[in-house]
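Have a look at the structure below, then the notes.
The values are calculated or read from the model by the stated rules, or taken from the named source; none is laboratory data. Note that the coordinates shown come from a computational prediction; the quantities given were computed from them, not determined experimentally. Glycine also receives a Cβ, built like all others from the backbone with ideal geometry; neighbour counts cover every protein chain displayed. Calculation scope for accessible area: heavy atoms of the full protein, side chains included, ligands and nucleic acids excluded. Shrake-Rupley method; radii C 1.70, N 1.55, O 1.52, S 1.80 Å.
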Amino acid sequence: FPTLPGSAGGEATTVVVSPSYCTGYEVFLGTWDRGLFRSIDAGATWEKLSVPTNVAIRTVALSPNYAFDRTVYVGTWGNGIFRSFDGGQSWASINVGLGDPLVRSIVIPSSYPQDGLVFAGTDSAGVFRWDAGRGRWSAAGNGLPNSRVMYLTASQNFATDRTLFAATWGGGVAM
């Protein structure tokens, strides 16, 4: 495996392959202590991206239309969520309404190009939904058996079935 730029060591926390990987070979890698990296050559080389935080990158999510809209969401362990519309070159913090800055998971459903929906799972406050029109997060996990969300995923048919799954600490899977 090729090494990452900068000092040796570190812990990888998440890796995400672009939806258009078969033509662009783009991969994102989040780390606990070294930030966010991007490869545009299938991982042969890595570029460090300048997310404006010095805390762990816990999760990365790409728009289903990433090849066209270049939208990236990054969840951190202490500074909430950052969003980029240019493939990670510039970032904005989007934390209004987010109940916990410890973000474990972000999912961008297949319906994102039509409705702009994004969901975030947090360490202690459950699931939140991004409302692009209002520019804020709102609680979305009513009835979760446990508020610590370990991982989120959406149905491939989310646009029609609106199904979101949340894996929780000690509470199993909620739908």
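At-a-glance table
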quantity	calculated
Count of segment 44-59 residues which are open to solvent by 10 Å² or more (accessible area, probe 1.4 Å) and part of a loop (DSSP other than H, G, I, E, B)	9
Per-region count, segment 43-70, residues touching a helix residue (DSSP H, G or I) at 6+ places or on another chain (Cβ under 8 Å) and of a type outside the set (Ser, Thr, Tyr)	4
Qualifying residue in segment 72-94 (condition: closer than 28 Å to Ala125 by Cα, in contact with a helix residue (DSSP H, G or I) (Cβ under 8 Å, 6 or more places away or on another chain) and in a loop (DSSP other than H, G, I, E, B))	yes
Subset tally (residues that are within 24 Å of Ser110 (Cβ to Cβ), in a loop (DSSP other than H, G, I, E, B) and open to solvent by 50 Å² or more (accessible area, probe 1.4 Å)) for segment 18-39	2
Residue match in segment 1-16 (condition: open to solvent by less than 60 Å² (accessible area, probe 1.4 Å), in contact with a Gly (Cβ under 6 Å, 6 or more places away or on another chain) and farther than 22 Å from Val149 by Cβ)	no
Selection count, segment 58-91, where residues are more than 21 Å from Thr31 (Cβ to Cβ) and among the small types (Gly, Ala, Ser)	2
Tally, over segment 131-157, of residues that are modelled with pLDDT under 95, closer than 18 Å to Ser63 by Cβ and crowded, with 20+ Cβ neighbours inside 10 Å	2
Residue within segment 96-103 that is closer than 28 Å to Tyr25 by Cβ and at pLDDT 95 or above present	yes
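Yes or no, residue by residue, for (1) more than 25 Å from Thr168 (Cα to Cα); (2) open to solvent by 30 Å² or more (accessible area, probe 1.4 Å):
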{"residue": "Ala61", "(1), (2)": "no, no"}
{"residue": "Phe68", "(1), (2)": "yes, yes"}
{"residue": "Gly75", "(1), (2)": "no, no"}
{"residue": "Phe85", "(1), (2)": "yes, yes"}
{"residue": "Ser90", "(1), (2)": "yes, yes"}
{"residue": "Arg104", "(1), (2)": "no, yes"}
{"residue": "Gln114", "(1), (2)": "yes, yes"}
{"residue": "Leu117", "(1), (2)": "no, no"}
{"residue": "Asp123", "(1), (2)": "no, no"}
